[in-house]
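Read the figures in this text as sums done on the coordinates, not as results from a lab. As the structure is a prediction and not an experimental result, all values here were calculated from the model. Using ideal geometry, Cβ is built from the backbone for each residue, glycine included, and neighbour counts are taken over all protein chains shown.
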Amino acid sequence: MSQLRTYILLAAMTALFGVVGFAIGGSGGMMIALIFAAATNVFTYWNADKIVLRMYKAQPVDASHPSGAVRRYVQLVEQLADRAGLPRPVITIIENDQPNAFATGRNPENAAVAATTGLLRLLNEEEIAGVMAHELAHVKNRDTLTMTVTATIAGAITTLANFAMFFGGNRDGNSGGNLISSLAMMILAPLAAALVQMAISRGREYEADRVGAEILGRPEPLASALAKISTGAARIPNRTAEMHPETGQLMIVNPLSGQGADNLFSTHPSTQNRIDKLMAMAGGSRARQTAPAQGPWG
């Protein structure tokens with residue numbers, strides 16, 4: 001189902017590029033736009049994860065890292081991946097004070113997880129494990145392909161809007177192109193946001209919370225982490241996310257300030273609702289069990 005949604009997104013982008021290309025440059029403009037769209041589709045499918053990781057300057061880390069906190073982070077992700085029956089992902093960190101994390105990759109065999117240095121400083125070990133279990137749940141549920149491709153397609157649509165502004169005024173040497181380019185700028189950014197909203201269901205976060213809690217063995221650490229991350233993300237801006245709001249849906253908690261166009265790209269459910277569901281899950285688990293489940297470090 002995830003791959004089907006991705007193919008539909010790629011087809012929709014191709015059609016959109018063709019229509020706008022025709023509006024800007026007639027038949028010649030449409031052909032150029034379709035060629036660009038086809039090349040973008042192929043490149044995006046195979047490289048969307050690399051694009052996002054490079055955008056956030058995510059650096060791969062392993063158990064030989066000089067920082068003890070980073071080494072423990074690596075060990076936790078590896079233990080959780082083993083526990084979930086997943087291939088071990090590429091593990092990265094992002095130098096950013098805002099606490100946040102995301103997963104990316106076209107399938108579990110080509111997945112990567114990323115945590116900010118702000119998250120590693122803010123959370124305790126169990127909370128970090130809860131967050132990374134959530135991200136591995138996205139990998140297990142195969143959400144990451146749709147999430148990552150959607151982010152890069154939305155970015156491509158924004159590029160198309162800039163293309164329309166730059167070249168629109170040259171069509172037929174009259175002002176019609178200027179009108180078209182202005183209209184393109186007005187509708188394409190909201191269209192990119194609408195694409196993200198349609199492709200990314202808020203329910204996928206609830207499901208990743210549930211599966212992540214199952215991977216970890218109990219939901220309380222993730223609930224505690226969500227409360228801390230939400231407070232930290234609201235207080236500390238993430239400049240990269242603000243520059244590329246279409247990538248905000250990748251994060252475990254909305255990294256955007258919520259001002260201006262940022263609201264258009266909001267795809268996260270209420271953090272408090274997520275915490276409430278996790279705590280309800282914790283209550284149900286205690287009622288069914290006589291002993292608490294052990295985490296991956298137990």
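Data for the structure
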quantity	calculated
Anchor K277: lysines whose Cα lies under 26 Å away (excluding residues fewer than 8 positions away in-chain)	K140, K228
Rg to Rh quotient for region 17-125, alpha carbon positions, Kirkwood Rh	1.19
Segment A63-R83, length gained on full extension (0.36 nm per residue, minus Cα span)	5.4 nm
For region 53-111: Kirkwood Rh in Å [reciprocal of mean 1/r, alpha carbons]	12.3 Å
Net charge, L123 excluded, C-beta distance under 14 Å - Lys, Arg +1, Asp, Glu -1	-3
